[in-house]
Structure formats: C-alpha cells, structure tokens
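One structure below.
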Amino acid sequence: MALKIFYLLSILFVVVSSEPFRFDNYSLYKVLPKSLKDVKYLQELQDAAPEFDFWDDPVPTADYINIVSKPELKKDLESFLASNEIDFVITQENIQELIDNEKKKTYTRSNIRTMEFDNYYTLEDIYAWLEDLAARFPETISIIIGGTTYEGREIKGIKISHGPGRRAVFIESGIHAREWIAPATTNFIINELVFSDDEEIKAAARDFDWYIFPVTNPDGYIWSHVGFRLWRKNRRPFGNEFGVDLNRNWNDNWLKESANLNPSSNTYAGPGPFSEIEARSLSAYITDMADKIDLYLSFHSSGQILLLPFGNTTEPLANYYDAMKIGRRAMGALAFRYGTPYTIGNIAEAIYFATGTSVDWVKERLKIPLAYCYELRDRGQYGHLLPPDQILPTSEETMDSVIEILFQAKRYGYMRGPE
Ligand SMILES: [Zn+2]
C-alpha cells in the first residue's frame, strides 16, 4: 500500500511539476572512429543501449559522433570505448551548465520590437515578434499559417512580398525541437530581409516572395523549453512514449533508411507516411504553392554540413551537379566571414542514408529546382547546445551563404526574380 501511494505521488509530481528535467553531470562525448570496425562497434552500442543519446549516427563517413551519457552510465561508456580502442574526448562534463547559460530572455511589451541575437527565444516570443512585424509593415509582411500541431497550435510563419509576380524562396526551420540555433538563425534572416541596409540583401528581399517558418515543430519546441531541453520529435503520445521524428515522416521513401518503427526511438518515423499532422499539413501548404518555389531551405543543427537531395542513394540524381556547384560557392561565401568550414554533399554521401525528409520530398514530389538542408554549427564541441554567443556569427555567415545561393542560382538559370 505504501508503495502504491509513493507511486501515485511520484506520478503526481511528474504531472504538476513545472520544472524542466535537469541534466546535472550528463556529459557530452565526441567519439572519433578511425575505422569501419569502430563504426560497427558504435552502431552495435547505439542499437543495444538506447539510454545513450546519439546526436549523430555512426556511419563510415562520420568524422565524429556526439553522444550524451547520464552520470551513472559514463563509466560504462568509457570502458566500452577504451576496450574497443575507440578514441574520444569529453567536450562538456556537465551539460546542465550549458543549459543554465542559455539566457532565455523573455519578451515584455516594451522590448517586443527588437529581437536580439544573443539569446534564444520561446515560441510565444517568436510568434509575438512575427505578429508585430506584420502589424508594422502591412504592405509587405503578412502572417501565414503553414499547418497545425498535435496539441492544436498553429505553425506560424511570415511572408515578405514587395509585389505580385515574384518567384518564391521557402524556409522551413526548427522541425527538430532541440536544434535551437535553427529558429534563431531563421529569425535573423527575417530580421535582415526586413531591416538591412545592405544593397544585396535589400534586392533579395525585393526580388522574391519569402515564405519563412522559424518553428515547424511548435509542440516539440515548447517542450524543449519547459520540459526536456534535448527533445527532438513532436509530442504525439504512443502508449507510454511520445513523439515522431517529423523529418522522417514525409512521404518519400518513408521508412526506407535511418528511421524506425519504435516509438521510443529519436528517429521514430511514425505509424505511416504523413501520419503526423505537422508534416502533413505543412506539406499540403507547400504543395498549394509549389509552382512558385525556386528555392527550398531547411535549417537544422549540427555538424556544419550543407545537404542536398537525396538521402536514399549516393547516385547524382536530378540536377545534382548544378546544386553542388551552387552549394560549394555558397559555402565559400559562408566561410569568408569567420572561416567556418562546411562539408557539402547529398544526404546519403555527406552524412547517412536517411529518408522521409522534407528536402527529399519537395525535390522528388514537387520538383522544386533547388533544395538544401543546413546542419548549422558546430562540429561536436557543443552540438545542439550551441552557446548564445555563437547565435550572431552563425546567423551572419548563414545569411551570407543564402545571398550567395540566390546569386549563383541566377547564374545557373534557376531563379528568375520578378516577372
Ligand atoms: Zn535536425
């Protein structure tokens, strides 16, 4: 009986507790496989021990694998790595310190006008900022609703348009909840398109219609703020488990690679293609305007990789060679400011075989001419817990590369500008 009461109390505690989960003394490992054998051991560990949070899949092309371990398993992880002679470094001994330093500033009515790029914002604040922009610049900016979520929220974005007859750039960001640098960078892009004095940026804002969704997984994003900082999926319940990986749920080669049917997995692909309302409703929104879109960008972290379709094959399909040339120039422009190196390749050759992703779907099903997926900073030092002082440099260099993509895409005949 006493046990039963204790159990009930602990359930109640979970329900009423408003404190986010703490990651005290959880450590971030950067594991450095040198051989296929190392990769195989790491794959076996990933399969056998779901309690380790792999931020990267162990694949032959990987330079490193970020793994988070809870305190009581660190010894096991380290002895596994040592006994298999796999190199590693601990880049963060206590990731709770990083989380505590994220300085989540909250808007008040007096500071809603200005978004700053030295801290991460909540969904509520991002939406309030978008609404304010639309209210201030009604001639050029409007709020757009790209879909809805399991918990009934809107997937809210912004459209920037300086007149009819323009081709479109579509930006989808934050589909993985914990990758906070993605919405932050996307907000910076919006801010530049609205306020920059730079002639190239002003021309980019003027010449295209911009459809931008900073947070396409609102339920997950909120949960990563108030419940569990390292949350990746949406928040639909499956028995005792929660969430589908929304970037494995799109209806293109669904479940073929790097996704699975186990709801406890971080890459759970869902019960079927487009089973999730977020991916399904957003895809319907994109489909309705597909013939307008010349460029589709998806923002993620981390690894400093520019990915292009497809994730199911290393074959250079569609306009692979053009997309690579444009992408290489863009990554040259990105590196120019701070020297940040990016790898570029199709999803399958650059990181791993992965299917059911948004960029593959828009490329294959909608024939969007150019589709890229960014894995933003960094390379294994902080991963998804990128410190706030890197928001601005990450955003600036990314904006440089987006402008270069537009320039190069025009050179290669992909973007027509105003008709
Ligand atoms: Zn991601």
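The values are calculated or read from the model by the stated rules, or taken from the named source; none is laboratory data. Nothing here was measured: the structure is a model prediction, and the numbers come from that model. Counting neighbours? That spans all protein chains shown, and the Cβs are built from the backbone with ideal geometry, glycine included.
A few points about this structure:
- When residue 241 is tested against (1) under 28 Å from residue 323 (Cβ atoms); (2) at pLDDT 95 or above; (3) charged (D, E, K, R), exactly one condition is not met: (1).
- Residues in segment 331-356 that are of a type in the set (Val, Ile, Thr) and at pLDDT below 90: 347, 351, 355.
- Number of positions in segment 41-65 that are assigned to a loop (DSSP other than H, G, I, E, B) and of a type in the set (Ser, Thr, Tyr): 2
- Segment 325-346 - residue that is out of contact with any helix residue (DSSP H, G or I) (no Cβ under 7 Å at 6 or more places or on another chain) and either touching a residue at least 40 places away in the same chain (Cβ under 8 Å) or of a type in the set (A, V, I, L, M, F, W, C) (or both) and, of those, surrounded by the most Cβ atoms within 10 Å (Cβ to Cβ): 327
- Qualifying positions in segment 143-153 - surrounded by 15 or more Cβ atoms within 10 Å (Cβ to Cβ) and not in a loop (DSSP other than H, G, I, E, B): 143, 144, 146, 147, 148
- Test: residue in segment 252-268 that is part of a helix (DSSP H, G or I), touching an Asp or Glu at 6+ places or on another chain (Cβ under 6 Å) and under 18 Å from residue 147 (Cβ atoms): no
- A search for C-beta distances below 7 Å between a residue of segment 57-72 that is of a type in the set (Phe, Trp, Tyr) and any residue that is in a loop (DSSP other than H, G, I, E, B) and surrounded by 18 or more Cβ atoms within 10 Å (Cβ to Cβ), counting only pairs 6+ apart in sequence or on different chains, returns 64/380.
- Strands (runs of 3 or more DSSP E) fully within segment 154-248 that include at least 1 residues being out of contact with any Lys or Arg (no Cβ under 7 Å at 6 or more places or on another chain), within 16 Å of the ligand (Cβ to nearest atom) and assigned by TED's automatic domain parsing to the domain that holds residue 301: 168-173, 209-213.
- Test: residue in segment 88-98 that is within 17 Å of residue 381 (Cα to Cα), touching a Gly at 6+ places or on another chain (Cβ under 9 Å) and charged (D, E, K, R): no
- Unmet requirement for residue 309, which otherwise passes all of (1) surrounded by fewer than 19 Cβ atoms within 10 Å (Cβ to Cβ); (2) more than 15 Å from the ligand (Cβ to nearest atom): (1)
- Scanning segment 290-310 for residues being farther than 16 Å from residue 57 by Cβ and part of a strand (DSSP E or B) gives a total of 9.
- Within the option set 313, 287, being over 25 Å from residue 240 (Cα atoms), in a loop (DSSP other than H, G, I, E, B) and of a type in the set (Ser, Thr, Tyr) holds for one residue only, 313.
- Any hit, segment 82-101, residues being modelled with pLDDT under 95, surrounded by 13 or more Cβ atoms within 10 Å (Cβ to Cβ) and part of a loop (DSSP other than H, G, I, E, B): no
- Hits in segment 247-295 (condition: among the small types (Gly, Ala, Ser) and touching a residue at least 60 places away in the same chain (Cβ under 8 Å)): 258, 259, 264, 265, 269, 279, 281, 283, 284, 290
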